[in-house]
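Shown next, in structure tokens, is the structure this report addresses.
Any read-out appearing in this document is the output of simple, stated calculations on the displayed coordinates, not a laboratory observation. What you see is a predicted model; the values in this text were computed from it and never measured. Cβ: placed from backbone, ideal geometry, glycine included. Neighbour counts: every protein chain shown.
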Amino acid sequence: MFSRKLHNFRNSLLFRLTILYAVAFTVLSTIGFLIFYYRIYAVTMEGLDLELLDKTRKYADLTKEAGLEGVLPEIADETESEDPQEDFYRIFNFKGDILFTTDMSFWGVIDRKDILLKMQNEGLSYAFQTQTFEERDDKARMITAIVGPDTVLQIGESLEEVDEYLDIFLELVSILVISLIIVSTIIGWLLARRATIDMQEVAETAEEIANGSYDRRVQVKGRYREIERLSAAFNSMLDRIQSLLNSMKEINDNIAHDLRSPLARIRGFAEMNLLKEKSIDAYKDMAASTIEECDTLIGMINAMLDITEAEAGVNGVKVEEFELVTLIREACELFRPITEEKKINLKTDLPESLMFKSDRKRMQRIVMNLLENAIKYTPADGTIAVSAAAQNGEIRIDFEDTGMGISENDLPHIFERFYRCDRSRSLGGVGLGLSLVKAYTESMNGTIHVESTLNQGSRFALRFLR
Amino acid sequence: MRLLLVEDDIKIAQFVVNGLKEAGFAVDHAANGEDGLHLALTEPYDIAVVDLMLPKVDGLTLIEEVRRNDINTPVLILSAKRSVDDRVKGLKTGSDDYLVKPFAFAELLARVQALIRRSTHVTAPSELKVADLTLDLNARKVFRADEEIMLQPLEFSLLEYLMRNAGRVVSKTMIMEHVWDYNFSPQTNVVEARICYLRDKIDNHYDLKLIHTVRGVGYVLKEAS
């Protein structure tokens, strides 16, 4: 349980961001301070060397004026007040024979022959060297310089003071770096928390929605741009899901209504016939109406399956080449008795020939459904015009009627399953015809558009890529 | 004609058996695949009607087994599965036709009779005749009592279909499918309208009515009502 929590925490964005921030800050500040430290060190050493060189120059001038005898009292003056552990002075000739020295008891044996040899070989008038005294954990910076004829002055200065000073500096820097790491971790955590707390809220809302509160929304305003975008996208997705849920619920209600009504009629009719002895004709009537109601139900279920199949793309489109003009003419011909009876003028405007490669059966159904729809909603003495043509690499088929039209409120919904403009559902039909037309059209890579004016007529326009 | 029906739904089996008996078939009914297979392998049938989802042995296995034994009895599958894939699978197994439940009995009967006709190789007639109505298939002409009746192409093919199935009820769906090649029925009753037109020309001026409506089921062309 605990290890799982730890694992979750270690995988959290908050933890990762904080660590990343702290590490980046630590590395950068450490590098910065190291560079700073070594610059300080170099500057200090340079200053020391300059000081030593200045001293030797001073004594060289003195030697020139007053000889060795003039220099010695000066050195004695210089060293008198000082601790013999801090520095030493020696004067020797080119062979290395000591001519003068301060108290060397603390310093012990210090090389002079090697440096003389090196200076002679390289023709130098002075040279610096650093000697480490391991047993004392101390270092000394020395200068060896020619100050006169056959006279060499060697000055050594302990680095203890410099080291101490640099050690204090290093200590300070370390304390600074460590506290910076701590502060940066805290700041990093705070920053990461501010960024993730909004995300956590989005996540919490999502969890609530998953538990069924579909009307919950994330607050969008007053957030970081990224989170604002995420929240807005999240909310619009929720709106879409909710509207889908609502329409599914509506479809369910409609299915329940549309399936129930025929069943209620069948049941009621059968019950009535059983309650009283009836004539054989009454029973026949009941049987016939039962079959009619059943056929309606079967038709509805099949249409629903057809729509679902077309939308899901199962039992895909069967492509064959066929004559579209013939197909439309045949469909119109089939409805001819109905239009004649209703005194509807069914006109066609078709070219000689229009070959089309697609699913013929589905096209038959599309044309029949749109024709049937037009006939159903067009009153007597109205006109229905069917036209088709090839243009701009497309095939267009238009169905225009002078029927009752579709109101603006209904227009966006007419392709929805079970949607019917007349709420009373008195005109018959189950409201699947146009849904099927749309599903089939789209399964054949076509589009359908409808324009309509109430009480003036409608126009359904099909477009297919050739 | 002997017919084997393998169907586990007792109510469906009952009405199919009754209907087929009335149509003159000798019907054996098996309620599961095992019994059905046994009957199919031991008895000589002219046709078998088989449901796909059966207890013990399923329909497809039954048909495969029958075909493996070199029995070429025509088989019609009855199934609630309506997808094209299922149909193709059924037909590939060796069945001869496929009818989706729920179905109209008239359609089952027509298909059974068509399968038998096909397997017994009846030659196509050139003339159809019911009472004093004659339809000349070659000249595409129709006569009633020696008087020529002018029909539109759609009406001619409708009448031809009714006469080929004379005495048998054909449903609206069957007419849409077999006469006009539409595999669905529109809500608007285009078949009824067309039958009305046909009646006007064939029956109206004659005492003997030939085209009859069977409410809820379909239409039948026969001499006596």
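Within straight cross-link reach of residue B:201, meaning Cα distance under 28 Å, which lysines are found once same-chain residues fewer than 8 apart are removed?
Hits, sequence-local ones excluded: A:342, A:343, A:347, A:376, B:129, B:141, B:172, B:209, B:222.
May I have the pair-distance distribution P(r) for region A:225-309, computed from all Cα-Cα distances with 5 Å bins from 0 and rounded to whole percent?
So the P(r) values, bin by bin, are 3, 12, 13, 14, 11, 10, 8, 7, 6, 5, 4, 3, 2, 2, 1, 0.
Report, to the nearest 10°, how far helix A:324-341 tilts away from the longest principal axis of the Cα atoms in chain A, using its own Cα long axis and a range of 0 to 90°.
So the inclination is approximately 50 degrees.
Among B:94, B:24, B:33, which one shows the highest mean-square fluctuation when chain B is modelled as a Gaussian network with alpha-carbon springs under 10 Å?
B:24
Taking 0.36 nm per intervening residue step and subtracting the Cα-Cα distance, what contour gain separates residue A:16 from residue A:449 on full extension?
Details: separation 433, 0.36 × 433 = 155.88 nm, distance 5.29 nm.
Net length gain for the segment: 150.6 nm.
Over chain B, what is the percentage of antiparallel beta bridges among all DSSP beta bridges, to the nearest 5?
The antiparallel fraction comes to roughly 50 percent.
For chain B, set up a Gaussian network in which alpha carbons nearer than 10 Å are linked by springs, and say which option among B:86, B:58, B:46 fluctuates the most.
B:86
Relative contact order for chain B using alpha-carbon pairs under 8 Å, separation at least 6, rounded to a whole percent?
In percent, rounded to a whole number, it is 13.
Enumerate the whole-percent occupancy of each 10 Å bin, from 0 to the last occupied one, for all C-alpha pair distances of the protein assembly as shown.
2, 10, 13, 14, 11, 7, 5, 5, 4, 4, 5, 6, 6, 4, 2, 1, 0
Please identify which residues in region A:48-79 have an amide N closer than 18 Å to a label point set 7 Å out from the Cα of residue A:136, following the Cα→Cβ vector.
A:79
How would region A:131-249 be classified by its alpha-carbon gyration tensor: rounded, prolate or oblate, with rounded meaning a/c under 1.5 and the a/b versus b/c comparison settling the rest?
prolate
At a 10 Å Cβ-Cβ cut-off, how would you order A:111, A:54, fewest neighbours first?
The order, fewest Cβ neighbours first, is A:54, A:111.
When the helices in chain A are scored as -39500 (n - 2.57) per DSSP H run of 4 or longer and the sum is shared across all residues, what 222 nm value do you end up with, to the nearest 500 deg cm²/dmol?
Here the helix-only value at 222 nm equals -21000 deg cm²/dmol.
Tell me, what is the percent relative contact order of region A:317-465, built from C-alpha pairs under 8 Å that lie six or more residues apart? It would help to have the intermediate numbers written out before the result.
Details: 272 pairs, mean separation 35.7, N = 149.
Reported as a whole number, the value is 24 percent.
Gap in Å between the Cα centre of region A:317-386 and the Cα centre of region A:275-313?
Cα centres, region A:275-313 to region A:317-386: 26 Å.
What percent does the relative contact order of region A:2-166 come to when contacts are Cα pairs within less than 8 Å and at least six residues apart?
20
Top mean-square fluctuation among B:87, B:215, B:144, Gaussian network model of chain B, C-alpha springs under 10 Å?
Looking only at B:87, B:215, B:144, the biggest GNM fluctuation is shown by B:215.
If you average 1/r over every pair of different alpha-carbon atoms in region A:287-361 and take one over that average, what Kirkwood value in Å do you get? All intermediate terms of the calculation are to be shown ahead of the outcome.
Values: mean 1/r = 0.0640 Å⁻¹.
Its Kirkwood hydrodynamic radius stands at 15.6 Å.
Taking the Cα centre of chain B as origin, sum charge times position over the Cβ atoms of Lys and Arg (+1) and Asp and Glu (-1), and report the length of that vector in debye to the nearest 20.
It works out to roughly 320 debye.
Could you work out how far the C-alpha centroid of region B:18-53 sits from that of region B:188-225, in angstrom?
Region B:18-53 and region B:188-225 have Cα centres separated by 34 Å.
Using alpha carbons only, how many angstrom separate the centre of region A:173-190 from the centre of region A:1-49?
8
Please give the charge dipole size of the protein assembly as shown, origin at the Cα centre, charges +1 on K and R Cβ atoms and -1 on D and E Cβ atoms. Round to the nearest 20 debye.
Dipole of the protein assembly as shown, to the nearest 20 debye: 4860 debye.
Taking the C-alpha atoms of chain B, how large are the radius of gyration and the largest Cα-Cα span, Dmax, in Å?
Reported Rg and Dmax, both Å: 19.3, 60.
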